[in-house]
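Input: a single structure, listed below in structure tokens.
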Amino acid sequence: MNLKEKYQNLADQAIDSSKLSKDPKDRLAAPARRLLKEEYVIDVHVHFFDIQCINKCYFVKRFLKDQYSRLVRGKGFAPTGIPDNSDMQENVYIEGWEEELLKELQVLDDPNKAELIGIRSPLRYLKAAKFLSMDKMELVYQDYIENYSIAKCLGLAPKNVLTTALMMDLQKGWGVDVKKNIRKRMDELKRLSKTRPILPFFFCDPRRADDKEDNLYELFHEAFCEGQSFFGVKIYPSLGYDPYDVRLWPIYQLCEEYNIPVLTHCGGVTITAELDRMSGYHGETAQKMVIKDAESDPDDKTTKKIDVKDRKDGGNKLNDPKRWQPVMKKFPGLRLNIAHFGGYETWDSDHRPDTDEDLLKRKGVIIDLMEKYEHVYADFSYNIVEDGFTRNLKATLLQNKRVRERTMFGSDYWMVMQEGDLYKQQMEFKGIIRDNDLINELFLTNPYRYLFGN
Ligand SMILES: [Zn+2]
């Protein structure tokens, strides 16, 4: 039996597909169902995971980047130091890190002390301090609705926004523990979807296909076939795998057949796995794919190696939208959102072509996928923070009808909050797009078509 058959069998045993419906609306809980009858907009890229779903390293990286050395490495403060990923895995879950970090941030009560340790943007630290006390997804959801709802930006009641709720799997990607285990996180999202109009997206990491505990296919079954109310699937290649990994094929097949939308990260590589965690089974013949840095031993015949310069380069290669070409060829009916539309480098006109060429080319690759396949979309999440990127997007939307029909708004709350005032940035995004038809397409009709079909 080859690997393709092996994983198909495992999936068939674990997943009772007779429980799946082809109509995405059958997967909606009551609040989302109700909202569809009102006036509303859609934010297709949102994260509600709380402080207990992540570890200290991830949090500091996201909120307090310029204090990374001081807070994570404990090597004295280096206010301008930009964190790399090298010590990510050292940071195993530490009980009570939230309280400890909160204490560290108390210095903000004293502006002189804040100045002393090089904190130049106290507002961001206050935001971080607030976030540190959110230990339930419900609280994170409320923060989003009260302060950053795109519905409010567009003149509707703040609560009238349908959002995704994207999970992330740091445990498999980094090998670290977090306080709320995977089932707790799934249960909590399920409960939240019973009271709020959210669409939970379940993360699929192919490396869980071989696990006895928290097995990929068993989790998928629980998410979609046991009344868990999950709606879509999240793929995050730079956490260490190839989207064409053969262990994901049974999942894609179900997603294609039952109209389960897939969202893949395709932007920057703030979050990557270590090089030796990056691997997988690639392609029809299911060769072992191994990522190696350029200096390592030459190929042996049984493996397919991707030479990379470093961890960042490895993450970028796995994130490359080209890796979705064979997936789409094999599963042409897949509903795919290529999130971040390649990333901000792709939309930066001040690019340095000599260094960023691959990232710039992503735009063409994604548009090509949109041209070829009926259900390929892209969201512009995170990139909305820069007026220049938005202007480039608008020019493309006006030039290319297909891109105009397939592009969606997404905020990337709360990942994007390190970039400044999200509410203001969203207002600016709306101001630049301006045209009412374009706004209607980005915030409603395109995401609706991606999520529910026509
Ligand atoms: Zn995101």
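The values are calculated or read from the model by the stated rules, or taken from the named source; none is laboratory data. Nothing here was measured: the structure is a model prediction, and the numbers come from that model. All Cβ positions, glycine included, derive from the backbone under ideal geometry; neighbour counts span all protein chains shown.
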Name the residue that is nearest to F131 (Cα to Cα), counting only residues in the stretch 34-71 that are within 16 Å of the ligand (Cβ to nearest atom) and among the charged types (D, E, K, R). D50
Which of (1) away from the ligand (no atom under 16 Å from the Cβ); (2) small (G, A, S); (3) in a loop (DSSP other than H, G, I, E, B) does G268 not meet, given it meets every other one? (1)
Restricting to the stretch 369-425, name every residue that is within 16 Å of the ligand (Cβ to nearest atom) and in contact with a Gly (Cβ under 7 Å, 6 or more places away or on another chain). D379, F380, S381, Y382, V385
Which of the residues belonging to the stretch 156-171 are part of a loop (DSSP other than H, G, I, E, B) and either farther than 10 Å from Y40 by Cα or within 16 Å of the ligand (Cβ to nearest atom) (or both)? M167, M168, D169
Within the stretch 73-96, is there a residue that is at pLDDT below 85, outside the structural domain of L263 (by TED's automatic domain parsing) and in a helix (DSSP H, G or I)? yes
Being of a type in the set (V, I, T), modelled with pLDDT of 85 or more, assigned by TED's automatic domain parsing to the domain that holds L28 and surrounded by 17 or more Cβ atoms within 10 Å (Cβ to Cβ), is that true of even one residue in the stretch 271-289? no
Filtering the stretch 251-294 down to residues that are of a type in the set (S, T, N, Q) and over 24 Å from Y382 (Cβ atoms) yields Q253, N259, S279, T285, Q287
Which numbered condition F201 misses (of (1) more than 20 Å from the chain's Cα centre (by Cα); (2) under 19 Å from P24 (Cα atoms); (3) surrounded by 20 or more Cβ atoms within 10 Å (Cβ to Cβ)): (1)
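Can E226 be described as away from the ligand (no atom under 16 Å from the Cβ) and under 28 Å from E95 (Cβ atoms)? Walk me through it before giving the result.
On the way: away from the ligand (no atom under 16 Å from the Cβ): yes; under 28 Å from E95 (Cβ atoms): no.
Against the criterion (away from the ligand (no atom under 16 Å from the Cβ) and under 28 Å from E95 (Cβ atoms)), E226 does not qualify.
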List pairs: first in the stretch 265-285 and closer than 28 Å to H45 by Cα, second basic (K, R) and within 16 Å of the ligand (Cβ to nearest atom), Cβ under 7 Å, 6+ apart or cross-chain? T270/K61
Residue in the stretch 34-47 that is in the same structural domain as P200 (by TED's automatic domain parsing) and in a helix (DSSP H, G or I) present: yes
Of the numbered conditions (1) farther than 27 Å from H375 by Cα; (2) surrounded by fewer than 18 Cβ atoms within 10 Å (Cβ to Cβ); (3) free of Cβ contacts under 8 Å to residues at least 12 places away in the same chain, K309 fails exactly one; give the number of that condition. (3)
